[in-house]
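Heads up, the thing below is written out as structure tokens.
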Amino acid sequence: MSSNSSSNRRDFLKNTAKAAGAGLLYTTLPAESSAYVGAAGEIKVAVVGCGGRGTGAAAQAMTADADVRLVAMAEAFQDRLDQSFKGLSKKFGDQVKVTDATKFVGFDAYKKAIDLADVVILTTPPAFRHLHFAYAIEKGKHVFMEKPVATDVVGVKKVLETAKQAKANKLNVVVGLQRHYQKSYLDVKSRLDQGKIGDIVSGQVYWNSAGVWVRPREYQQTELEYQMRNWYYFNWLCGDHILEQHIHNIDVANWFIGSVPASAQGMGGRETRNGRDHGQIFDHHFVEFTYPEGQVVASQCRHQKGCMNRVEEVFQGTKGSVTVNSGNFGVIKSKGKVIYEHEGEYDINPYQQEHNLLFAAIKAGEHKFADAENGANSTMTAILGRMATYSGQDITWEQAMATDLKLVPDLSSFNDTAPVLPDRDGNYPVPVPGSTKFV
């Protein structure tokens, strides 16, 4: 790329960011000045949230294209940023252009990092996603953001609102529901669209595993810092594991059926993971999602050691059935016979593929990805399921969306009051079906 074209591109990015900051829409600009202008040369990336997933996503971004440069990092915790920077620098060398001046720590660090990039990776705990997404789109940035995209209804509505702005500004947005980029799922879905199993009438979706990490409370931690270090166990930060992990399977149900549920009812609780270190979340949920055309999908997720593990989706149609899972496997049967089987041992890793496609589109100056609305709808579906299991009630989509459920407070430092507090014995409030209201 010539120095002149580099200068032109820098000028373009600078000017369009100013326009976005002033509230102008790119659609008001001449087509040749839009974000679709091919991003020849380096593509500047910032990562917001430098934990394991953020580090992995940054690595996948730099693997996707040799011209990707990581230029800024933002994180609530200094040690996590330092650890991520060290690992990425060791692996990617000169592709990491982050300096001490472009490492940002704190609750407003995301703004400083996003300002410096063309593309932003949003991988903090999901509580903050809608806030970071809104700022990134306001500033005219392309986005990769992890799922779920919120933990409450207010957050979902904000993402839906921002998704419209991203579309209008023709900014690519990819959400980490990577099954949409996985060859086995895409091949199976294409055959479902051809009517190989007829109309889907029911399904079962599973995320049953042993669970995740626990980080012990440390000396002199504030309550808010403790919760943010252990974000998985607090609903305002994580949304419960029906949202944080099982969303993948719920998302497939929505995708294959082609709709969001009309209602949900279910049950859940804590059987084996019920100590003070386990915060508020349940260790099992079972939900029946009923779709507008009458399909019923049984959804189950469980975090209990020593039990059957299963992460998979199964659907029955009027002419056959399909089973598909993240192990690059899919099988379609009709009248007891296998009519298609996908065992893609060497299929590309979908986590890498979603970045490959995103950066290829950006480099080509194309607007190909607008995942935010789907990400918001799948997030809301999982929240609806959580509402059903926490309350024990049958809840419609309209009832849930009509609420202003807001779990995430405005925060500026670790000395702020956490939105939930333990009792004198150190136990946190846990939902009780039959007593807990769904809002």
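For the pair the range 91-145 / the range 364-434, the C-alpha centres are spaced 23 Å from each other. Highest mean packing first, where packing is the average number of other Cβ atoms within 10 Å per residue, the peptides 62-70, 94-102 line up as 62-70, 94-102. Spin-label pair Arg276-Asp79: with each label point 7 Å from Cα along the Cα-Cβ axis, the two points sit 2.0 nm from one another. For Leu186, the solvent-accessible surface with a 1.4 Å probe is about 80 Å², rounded to the nearest 10.
Derived scalar couplings between HN and Hα for the range 294-306 equal x, 4, 10, 10, 8, 10, 9, 9, 8, 10, 9, 6, x Hz in order, rounded to whole Hz, by the Karplus curve 6.51 cos²θ - 1.76 cosθ + 1.60 (θ = phi - 60°), x for Gly and Pro. The HN-Hα couplings worked out from phi for the range 403-419 by the Karplus form 6.51 cos²θ - 1.76 cosθ + 1.60 (θ = phi - 60°) are 7, 10, 4, 9, 9, 9, x, 6, 10, 9, 7, 5, 8, 5, 6, 5, x Hz, whole numbers, x standing for Gly and Pro. Any idea how far apart Ala298 and Ser412 come out in nm if each label point goes 7 Å out from Cα toward Cβ? Spacing of the two 7 Å Cα→Cβ label points: 5.2 nm. Say the dipole of the chain comes from +1 at the beta carbon of Lys and Arg and -1 at that of Asp and Glu; which of Ala360, Ala264, His142 then lies farthest toward its positive end? Result: Ala360, furthest along the dipole toward the positive end. Show the residues, 5+ positions off or on another chain, whose built amide H is closer than 5 Å to the amide H of Arg270. Under 5 Å from the amide H of Arg270 lie the amide H atoms of Asp283, each far enough along the sequence or on another chain. Among beta bridges from DSSP that stay inside the chain, the antiparallel ones total about 55%. Ranked from largest to smallest solvent-accessible area, with a 1.4 Å probe on the protein heavy atoms, Asp251, Asp410, Asp404, Asp108 come out as Asp410, Asp404, Asp108, Asp251. The HN-Hα couplings worked out from phi for the range 331-346 by the Karplus form 6.51 cos²θ - 1.76 cosθ + 1.60 (θ = phi - 60°) are 9, 10, 10, 9, 6, x, 10, 6, 10, 7, 9, 10, 10, x, 3, 10 Hz, whole numbers, x standing for Gly and Pro. When peptides 264-276, 367-379, 213-225 are sorted by average Cβ neighbour count within 10 Å, with the highest value leading, the order is 367-379, 264-276, 213-225.
With every protein chain in place and a 1.4 angstrom probe, the accessible-area ranking of Ser84, Ser326, largest first, reads Ser326, Ser84. Set the bar at 18 Å for Cα to Cα. Now go through Lys183/Lys337; Lys111/Lys139; Lys147/Lys437; Lys97/Lys167 and name every pair that lies beyond it. Exceeds cut-off: Lys183/Lys337; Lys147/Lys437; Lys97/Lys167. Bridging of Lys112 to aspartates and glutamates at a Cα separation below 14 Å is possible for Glu75, Asp100, Glu138, once same-chain residues fewer than 8 apart are set aside. Residues in the chain average 42 Å² of solvent-accessible surface per residue, probe 1.4 Å, ligands and nucleic acids excluded. Subtracting the Cα-Cα distance of Lys167 and Lys86 from 0.36 nm times their residue separation leaves 25.6 nm of extension gain. In the chain, what percent of the accessible surface is made up of carbon and sulfur (1.4 Å probe, ligands and nucleic acids excluded)? Percent of accessible area from carbon and sulfur atoms in the chain: 49.
Amide H contacts for Val201 (H built 1.01 Å from N in the peptide plane; partners 5 or more residues away or on another chain; cut-off under 5 Å): Gln316, Gly317, Thr318. Once the Cβ-Cβ distance of Lys368 and Ser334 is raised to the sixth power relative to R0 = 22 Å, the FRET efficiency obtained is 0.10.
The values are calculated or read from the model by the stated rules, or taken from the named source; none is laboratory data. What you see is a predicted model; the values in this text were computed from it and never measured. Every residue, glycine as well, gets a Cβ built from its backbone with ideal geometry; the counts of neighbours run over all protein chains shown. Note: areas computed on protein heavy atoms with side chains; ligands, DNA, RNA excluded. Shrake-Rupley method; radii C 1.70, N 1.55, O 1.52, S 1.80 Å.
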